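Asks: Below you will find the structure I want to go over with you.
The values are calculated or read from the model by the stated rules, or taken from the named source; none is laboratory data. Small disclaimer: the values here were computed from a predicted structure and weren't measured. In this analysis, Cβ positions are derived from the backbone assuming ideal geometry, glycine residues included, and neighbour counts consider all displayed protein chains. Each accessible area value is taken on the protein alone, full model and side chains, heavy atoms only, with ligands, DNA and RNA left out. Shrake-Rupley method; radii C 1.70, N 1.55, O 1.52, S 1.80 Å.
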Amino acid sequence: MANSGLWVGVLTALTALGASYITARATSRAALVQARTTATAQALREQRERRRATYREMMNRAHAFSEVTWEIDAVDAAPDRHTKDRLLTRMYERIGPAIGAMNRATHEVRLDGPAEVSAAAERVRQAARGVQPRLKALIGDGGPERRAEYDAAYVDFRDAFMAFVGLARQALEVEEG
């Protein structure tokens with residue numbers, strides 16, 4: 001009888017040790033899963049904030065470019081060819097640096113992605129570069145054909161910019177899980 005009591009005690013102790021080991025492993029795994037989940041959530045949050053800042057900078061640079069192009073209204077209101085050319089020349093001098101700033105912002109978007117947003121930023125940059133020579137062509141030639149080319153180039157820029165904004169917004173959306 002004493003032997004069976006000893007065996008019961010040994011089996012009880014081994015069962016307790018086994019249960020303790022299994023519980024410790026499960027707790028360890030749960031803690032590891034929790035740590036990975038927390039780290040992943042933090043990394044996603046940081047990525048989202050970095051992208052938000054990058055996209056905002058691109059939008060600011062595109063807006064600064066647009067502000068230069070909107071001066072065409074002052075050109076239209078100018079009383080004579082000399083004044084129009086002076087205003088157009090000033091616009092042309094300001095549009096180059098605005099495109100340069102947009103180039104830098106586009107490179108940042110390329111780094112932060114995703115690919116669709118990067119491609120959209122590149123389309124904005126290329127469309128802006130398409131406006132520049134058409135603006136220069138208006139200096140000294142205020143004909144309707146040149147102006148129509150400028151307006152069409154600006155519409156292409158605006159459409160590319162609106163597409164970028166839509167894709168950037170989608171990239172920043174957080175899906176409910």
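Asks: In degrees, nearest 10, range 0 to 90: what is the angle between the Cα axis of helix 115-138 and the longest Cα principal axis of the chain?
Replies: 10 degrees
Asks: On C-alpha positions alone, give me the angle between the axis of helix 81-112 and the longest principal axis of the chain, in degrees, nearest 10.
Replies: Approximately 10 degrees, to the nearest ten.
Asks: Spelling out what I want: for every residue of the stretch 15-28, take phi, set θ = phi - 60°, compute 6.51 cos²θ - 1.76 cosθ + 1.60 (Karplus), and round to whole Hz; glycine and proline get x.
Replies: Result, ordered by residue: 5, 5, 5, x, 5, 5, 4, 5, 5, 5, 5, 5, 5, 4 Hz.
Asks: Counting only helical runs of four or more DSSP H residues, what would the 222 nm mean residue ellipticity of the chain come to if each run contributes -39,500 (n - 2.57) and the total is spread over all its residues?
Replies: -32500 deg cm²/dmol
Asks: Something else: Could you state the accessible area per residue of the chain in Å², with a 1.4 Å probe and every protein chain left in place?
Replies: 64 Å²
Asks: From the phi of every residue in the stretch 69-79, what ³J(HN,Hα) in whole Hz does the Karplus formula 6.51 cos²θ - 1.76 cosθ + 1.60 yield, where θ is phi - 60° and glycine or proline is x?
Replies: So the Karplus estimates, Gly and Pro as x, are 5, 5, 5, 4, 5, 5, 5, 4, 7, 5, x Hz.
Asks: Kirkwood hydrodynamic radius, the stretch 30-80, all distinct C-alpha pairs: what's the number in Å?
Replies: 14.6 Å
Asks: For every other residue with a beta carbon closer than 12 angstrom to the beta carbon of Ala77, add +1 if it is Lys or Arg and -1 if Asp or Glu, then tell me the sum.
Replies: That sum, taken over residues with Cβ under 12 Å, equals -3.
Asks: Of the accessible area of the stretch 1-70, with the probe set at 1.4 angstrom, what percent is carbon plus sulfur?
Replies: Reported share for carbon and sulfur atoms: 65 percent.
Asks: Follow-up question, since we're still on this one. Provide the net charge surrounding Met102, with neighbours chosen by a C-beta distance below 11 Å and charges set as Lys +1, Arg +1, Asp -1, Glu -1.
Replies: Counting the neighbours of Met102, the net charge comes to +1.
Asks: Which three extents, in whole angstrom, do the alpha-carbon atoms of the chain cover along their principal axes, largest first?
Replies: On the principal axes, the chain reaches 120, 21, 20 Å in Cα extent.
Asks: Computed FRET efficiency, Cβ-Cβ of Ala78 and Gln170, R0 35 Å: what is it to the nearest 0.05?
Replies: It comes to 0.25.
Asks: Between helix 144-172 and the chain, what is the angle of the helix's C-alpha long axis to the longest principal axis, kept within 0 to 90° and rounded to the nearest 10?
Replies: So the helix axis and the longest Cα principal axis differ by about 10 degrees.
Asks: Then there's this: Which one of Gln126, Gln34, Gln47 has the biggest mean-square fluctuation once the chain is modelled by GNM with Cα springs under 10 Å?
Replies: The residue with the greatest mean-square fluctuation here is Gln34.
Asks: Also, quick follow-up: Note the full-extension length gain between Arg158 and His107 as 0.36 nm times their separation in residues minus their Cα-Cα distance, in nm to one decimal.
Replies: Once the chain is fully extended between Arg158 and His107, it gains 16.4 nm.
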